[in-house]
């Protein structure tokens, strides 16, 4: 008999099952996976990276869907509903499907405790194994080497970017973090790197394993030109491709990386130009420079580390507005808050610091102090909830201003609920 009948009950219980929220390692997940007896005969693509994972997966999902293939996609974290994490053929897993999968994982685990992420990963794999997809797309949760998704050997490993984040688990240098992410490589299989300056540890690990490595700006790349862009590679070129709907120059890196993966899998999953065009034009990832309102223009972006903040800053600078840019900022305490603020100091005119209602949240007073010390300007408001702050900002913002809500998935999720 199933432990619970309600999805919320299952998720609440999973949060208490293991003593640590994050406990990296493959042993627990691998043992339960073996008991479940799950196998995949279709290609598996695993995507790791500090930023760009979700967008790259979205391009792959959209391209393969446009080509007529049945995709199975696992991403994290979710913004509004847990169901967002698991989709088959573009459809989110239902509560009933998730509860059934959780029950099977629960039966298979015996007395083995699992983290919230491990339990969800196994449930996703259980759902995918029964869905008979043409391709499985997995997003690494944290790092790569010891992430629960790494119990499945990918046919192609993808690494989007390497930057400083999650230092308490992955290390505090790009070299150390790169080595952790290289843990998704498999000997004598293909890997695609979308970072134009990959750490040497990444390259050394690929060489040691005999990985068939594709590097952006060496084996493939892109050139933007007005209303279109060109993809070039040592396999084949594509010119005058549509501009991605997703905003930001970094999306060209993600799109080009996805195209390279499709080229490498062409013998198993052939795709033609119309599928590439439709996929690039239609790919969407919630919370990445996403517009949620007009007059004033209101955008949300999950930028929560310095590299993502620099990308956001570049887009804001290259896309000026007639009025002021108002930044509504809420962030977790373990992030490099000073560097995030520094990256955006020159492009945000008015700062509003919100207080997130989660255990790991940074205090609004601390963040406000950092903002004032870094920018020389005290925040317009500090300590309000996202809902209160957005209401207050809309009181004084003109139609020519723009509001940018950023700093955390939690911040963006709250904004999307308004």
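Values quoted throughout were computed directly from the atomic coordinates according to the rules given, and no laboratory measurement underlies them. Just so we're clear, the structure is a prediction, and the values are computed from it rather than from any experiment. Virtual Cβ from ideal backbone geometry, glycine too; neighbours counted across all protein chains shown.
A few comments on the model shown:
- When only alpha carbons are used to place a centre, the range 336-351 and the range 1-34 end up 38 Å from one another.
- For the range 241-391, fraction of C-alpha pairs farther apart than 22 Å, in %: 48 percent
- When restricted to Cα atoms, the range 315-404 yields an Rg and a Dmax of 12.6, 38 Å, respectively.
- Size estimate for the range 43-98 follows the Kirkwood approach: the inverse of mean 1/r over distinct Cα pairs works out to 12.0 Å.
- In this simple spin-label model, placing a label point 7 Å from the Cα along the Cα-to-Cβ direction at both residue 239 and residue 314 gives a separation of 2.6 nm.
- For the range 124-204, the Cα-based Rg and Dmax, in that order, read 13.4, 40 Å.
- By the helix-only formula, in which each DSSP H run with n ≥ 4 contributes -39500 (n - 2.57) and the sum is divided by residues, the chain has a 222 nm mean residue ellipticity of -12000 deg cm²/dmol.
- For Rg and Dmax of the Cα atoms in Å, computed directly from the structure shown, the correct entry in [x] 21.5, 65; [y] 22.3, 77; [z] 21.3, 61 is [z].
- Where Rh is the Kirkwood radius over Cα pairs, Rg/Rh for the range 210-276: 0.96
- Here the simple spin-label model places points 7 Å from the Cα toward Cβ, and for residue 187 and residue 294 these points are separated by 5.9 nm.
- Between the range 119-166 and the range 284-310, the alpha-carbon centres lie 25 Å apart.
- Computed over the range 186-309, the ratio Rg/Rh where both radii use C-alpha atoms and Rh is Kirkwood: 1.01
- Average 1/r across all pairs of distinct alpha carbons in the range 379-418, invert it, and you get the Kirkwood radius: 10.8 Å.
- Label sites at residue 6 and residue 373, each approximated as a point 7 angstrom past Cα along Cα to Cβ, lie 4.5 nm apart.
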